[in-house]
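The values are calculated or read from the model by the stated rules, or taken from the named source; none is laboratory data. All values derive from a computational prediction rather than experimental measurement. Cβ atoms come from the backbone with ideal geometry, glycine included; neighbour counts cover every protein chain shown.
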Amino acid sequence: MDDTGRMKGRECAEQKDVWILAIESSCDETAAAVVKNGRTVLSNVISSQIDLHTIYGGVVPELASRKHIERINQVIQQALVEAGVGLDQITAIAVTCGPGLVGALLVGVSAAKALAFALKKPLIGVHHIEGHICANYIENKELKPPFICLVVSGGHSHLVNVKDYGEYEILGRTRDDAAGEAFDKVARAIGLGYPGGPKIDRISREGNPEAVHFPRARVGDSELDFSFSGLKSAVLNYLNSCTMQGKTICQADVAASFQKAVVDVLVEHSMHAVRKYGAKSFAIAGGVAANSHLREAMIAACREEKITFCSPSLVYCTDNAAMIGVAGYYEYMKGVRHGYDLNAVPGLKLGEKI
């Protein structure tokens, strides 16, 4: 290693196969995976806590942390068994260290550090959003940087210029609510419950997206930034107005109209970035990337722009460890290593040094 703690590229390249054991625990999924050479997922085990948090209408951080502690060892063991790989075959341990819920992150980071120490294997901290972007590499074997990626989840709405593996430029971000957060709040307001995204997606199939005109917010000083708090407020005001006037509220129409407003803005901003930066490929990532209406709209927009569209399968859109394994592989090949002082960083920004 050199004095920055990075292994020289030649030393990495000499290794024939690279097996990454990856751990993800940033929110309410306890996950582990084994990824070979960055693009082949040998196992991807996810223990979801949705049933636990549904009764509270959202994720309860302390409960999430406790459940991670209960499940982390079992999930890691299952990932190794399903991959048919022993701990002695693992090249490195990759783990999400931020952003996310601090208690939840600490469980995964602690487990990864313990394994790395006991096995004397390299430890690699991975940015959660980088993991989402890298999920596109799993099934889209031809995808390589540069490309534009829209990352939309419960906590993030980012337009990212992926310049190279591990090299990112944020072109636009949300100024307030993330798209996924808006989905959850609106779903709760119209009586659908948690998690909001999948429920709005389903019921919208039965509704008229033109029934209610909701605003498409634009940020005056940044053409690629997002804002969804005004849209959320507009939906709440509409619901209150209907209640005060004794009008019947059609859940499907409200859901479809809200969803169209979100999708319209996401597509418009994304294609503007594609044209501005001359991108030849465009990808989506994150939990909201599983939304069927968004995927259909993006496919159509990319076809019109005559560019390649990529997206992960639904299982790789939501939080999972396979995407962390892919990101960890590319960090490993660049020579990135972290010490046992690696910590959970709940507010970690994309591109910020870990």
Worksheet item: Just to be sure, is G197 at pLDDT below 95, assigned by TED's automatic domain parsing to the domain that holds A261 and in contact with a Cys (Cβ under 9 Å, 6 or more places away or on another chain)?
Response: no
Practice prompt. Sort out for me the helices (runs of 4 or more DSSP H) sitting completely within the range 59-138 that have 2 or more residues that are more than 21 Å from the chain's Cα centre (by Cα) and free of Cβ contacts under 8 Å to residues at least 60 places away in the same chain.
Written response: 61-83, 102-119
Discussion item. V274 - would you say it is of a type in the set (A, V, I, L, M) and over 20 Å from the mean Cα position of the chain (by Cα)?
Written reply: yes
Discussion item. Please go through the range 330-354 and give me each residue that is of a type in the set (F, W, Y) and within 22 Å of the chain's Cα centre (by Cα), ordered by number.
Written reply: Y330, Y332
Worksheet, complete the sentence: The number of residues in the range 212-240 that are closer than 14 Å to T174 by Cβ and part of a helix (DSSP H, G or I) is 4
Response to the item:
All conditions in (1) surrounded by fewer than 16 Cβ atoms within 10 Å (Cβ to Cβ); (2) under 15 Å from A322 (Cα atoms) are true of A31 except (1)
Worksheet item: Hey, among I203, I284, which residue is under 22 Å from A182 (Cα atoms), touching a Cys at 6+ places or on another chain (Cβ under 8 Å) and at pLDDT 95 or above?
Response: I284
Worksheet item: F282 is checked against (1) touching a strand residue (DSSP E or B) at 6+ places or on another chain (Cβ under 7 Å); (2) surrounded by 18 or more Cβ atoms within 10 Å (Cβ to Cβ); (3) on the phi > 0 side of the Ramachandran plot and fails just one. What number does that condition carry?
Response: (3)
Worksheet entry | In the range 222-278, residue nearest to E296 (Cα to Cα) [restricted to those that are among the basic types (K, R) and in contact with a helix residue (DSSP H, G or I) (Cβ under 9 Å, 6 or more places away or on another chain)] | K260
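Results for (1) over 16 Å from I133 (Cβ atoms); (2) crowded, with 22+ Cβ neighbours inside 10 Å; (3) in contact with a Gly (Cβ under 6 Å, 6 or more places away or on another chain), shown as yes or no for each residue.
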position: E167; (1), (2), (3): no, no, no
position: I170; (1), (2), (3): no, no, no
position: Y194; (1), (2), (3): yes, no, yes
position: P198; (1), (2), (3): yes, no, no
position: R205; (1), (2), (3): yes, no, no
position: F226; (1), (2), (3): yes, yes, no
position: G230; (1), (2), (3): yes, no, no
position: S233; (1), (2), (3): yes, no, no
position: Y238; (1), (2), (3): yes, no, no
Worksheet item: Are any of the residues in the range 266-275 buried (at least 22 other Cβ atoms within 10 Å of the Cβ) and hydrophobic (A, V, I, L, M, F, W, C)?
Response: yes
Practice prompt. For the range 327-343, indicate whether the set of residues that are hydroxyl-bearing (S, T, Y), more than 20 Å from I20 (Cα to Cα) and buried (at least 20 other Cβ atoms within 10 Å of the Cβ) is non-empty.
Written response: no
